[in-house]
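Just below is one structure, and these are the notes that go with it.
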Amino acid sequence: MSDTKMSDNTPDSPERRRFISTATVAAGVTLVPGVMLVEVAQGRPEDQPASSAVRWGMLIDATKCASGCDDCVSACSTENGWTPVAESKHPTQAPQWIRKLELQDPLTQGQTNLPMLCQHCAEPPCVDVCPTGASFKRDDGIVLVNRHICIGCRYCMMACPYKARSLVHEPLNDTQKPDVPRGIGCVEACTFCVQKVDRGDGTTACAEACAKSGNNAILFGDMNDPESEISKRLRELPTKQVRADLNLNLGVRYHGI
Amino acid sequence: MKRLLALGAVVLTTAALAWAGSEEPAQSGGAPKPVITKATKGEHCVEPNDFMRRNHMKVLLHHRDETVIEGIRTKKYSLKECINCHASEKTGSVAASKDDFCVSCHSYAAVKIDCFDCHSTKPQGSMAMHPLNAETAHYAHKLAAQAGRPVSTEEMAGIAQ
Ligand code: SF4
Ligand code: SF4
């Protein structure tokens, strides 16, 4: 159900978009009188499972993403405990949960900056190909690897169109964060800071760092809640999904690409 | 030789049974008894000791699936909470030295622990208890990447200072 609603957000024409957004707002008001807002603001109780009433998503404004800045990348590395590539002994195979891309159009010389990370697809190819069931989509739309089950076959890395996943090649020697277990022989990717989301922070390390740098290019929130900041911005701004032709209904939307 | 081995096995089994059955292990020969240090926090475990000694792996297994797949983050039976209470005062870890809580029994029972390939052995907390924090994490990574062997807590604490 939520998926249908999300794909409706892809506008055909401004009129259609306006019509749909009004319809969604009306539905939101009548169906959930304040419940969703409370839930999102305080996080769910720790004994409650993640719910499909929520779909976590991210809006990245590439026009605000500054050239030369990689605060989101270092914040992610610090929060989740992966070694920054520059410090890795084997940079070509070092895990990267988020990458900063600086692209230049060869014709116009125009430059585009954006962070690239797991897009938390609603129809994730990584989950489709996983032979063990280790790759899975949580009810609130976060795509994760269950490391207890992952056998490190790396099919998912091949299947992901966004090069979002990495394999941990080396023993981590107890350098992991207590909140972020990760280890040798398992595939990993951005988790939308699931440990923070479950704690009720309602944001991710990269979004926090970007706001702190003053660029405010990353907005994280519940795309199913019509009153959330991200839903409002998504209604106002024209946004794109990377490789929209693949029809994966991404949880990360970009403006200005 | 065979008979000697069989005898050894009998002695070991008896010792294990004696230990499992009482708080104060009987002073018989055989392998050195595991050191069971009292938890640094709390009055008692989430279940009686006898139950936990036999079943901790079952409750942990059940809880891990609920947490990873459904996002249920209750504290009872959470590995993180085990570590919070049982990390040794000396090493700040449940598995850094041979007398630390998890390692001590597991090496006695000859059961390999896989948990700490991925999970941190240290609680989240103070500088002393958990030397890896935001400011120093990168240095520790550097050290771990170059070391190619387990980095001791002392070494990490050294870097943190
Ligand atoms: S971006 Fe890649 S890793 Fe993330 S959900 Fe989609 S296919 Fe899976
Ligand atoms: S590497 Fe792990 S998560 Fe990826 S497809 Fe193989 S088993 Fe699944």
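Descriptive notes on the structure:
For every residue, the table says whether it meets (1) at pLDDT below 95; (2) under 26 Å from A:G202 (Cα atoms); (3) of a type outside the set (G, A, S).
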residue	(1), (2), (3)
A:T112	no, no, yes
A:Q119	no, yes, yes
A:E123	no, yes, yes
A:G133	no, no, no
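- Test: A:T112 is among the hydroxyl-bearing types (S, T, Y), part of a strand (DSSP E or B) and more than 9 Å from ligand 1 (Cβ to nearest atom): yes
- For the stretch A:115-143, the set of residues classified as buried (at least 23 other Cβ atoms within 10 Å of the Cβ) and away from every other protein chain (no Cβ under 14 Å) consists of A:P115, A:L117, A:C118, A:Q119, A:H120, A:C121, A:P124, A:C126, listed by residue number.
- Test: residue in the stretch A:225-242 that is farther than 30 Å from B:A96 by Cα, of a type in the set (G, A, S), assigned to a loop (DSSP other than H, G, I, E, B) and more than 10 Å from chain B (Cβ to nearest Cβ): yes
- Looking only at the stretch A:149-160, and only at residues there that are assigned to a loop (DSSP other than H, G, I, E, B) and surrounded by fewer than 19 Cβ atoms within 10 Å (Cβ to Cβ), the one that is farthest from ligand 2 (Cβ to nearest atom): A:I149
- Residue in the stretch A:102-114 that is in contact with a strand residue (DSSP E or B) (Cβ under 9 Å, 6 or more places away or on another chain) and within 16 Å of ligand 2 (Cβ to nearest atom) present: no
- Residue list for the stretch A:197-217, filter: outside any helix (DSSP H, G or I), more than 14 Å from every other protein chain (Cβ to nearest Cβ) and away from ligand 1 (no atom under 16 Å from the Cβ): A:G202, A:T203, A:S213, A:G214, A:N215, A:N216, A:A217
- Single residue of the stretch A:161-181 satisfying the filter (closer than 19 Å to A:V127 by Cβ and in a loop (DSSP other than H, G, I, E, B)) that is nearest to ligand 2 (Cβ to nearest atom): A:R165
- Sub-6 Å Cβ pairs linking a first residue in the stretch A:156-170 that is within 14 Å of another protein chain (Cβ to nearest Cβ) and over 19 Å from A:V252 (Cα atoms) to a second residue that is within 11 Å of ligand 2 (Cβ to nearest atom) and at pLDDT 95 or above, at least 6 apart or interchain, are A:L167/A:R154; A:L167/A:V187; A:V168/A:C186, ordered by first then second residue.
- All positions within the stretch A:84-98 that are within 19 Å of A:F192 (Cα to Cα) and touching a residue at least 40 places away in the same chain (Cβ under 8 Å): A:P95, A:Q96, A:W97, A:I98
- Residue count for the stretch A:232-257 satisfying the condition of being among the small types (G, A, S) and either surrounded by fewer than 17 Cβ atoms within 10 Å (Cβ to Cβ) or without any contact (Cβ under 8 Å) to a residue 40 or more places away in the chain (or both): 1.
- Any hit, the stretch A:185-196, residues being surrounded by fewer than 21 Cβ atoms within 10 Å (Cβ to Cβ), within 14 Å of chain B (Cβ to nearest Cβ), touching a Gly at 6+ places or on another chain (Cβ under 6 Å) and at pLDDT 95 or above: yes
- Only one of the numbered conditions (1) part of a loop (DSSP other than H, G, I, E, B); (2) on the phi < 0 side of the Ramachandran plot is violated by A:L144, and that is (1).
The values are calculated or read from the model by the stated rules, or taken from the named source; none is laboratory data. Keep in mind the model is a prediction, meaning the values are calculated, not measured. Positions of Cβ are backbone-derived with ideal geometry, glycine not excepted, and every protein chain shown enters the neighbour counts.
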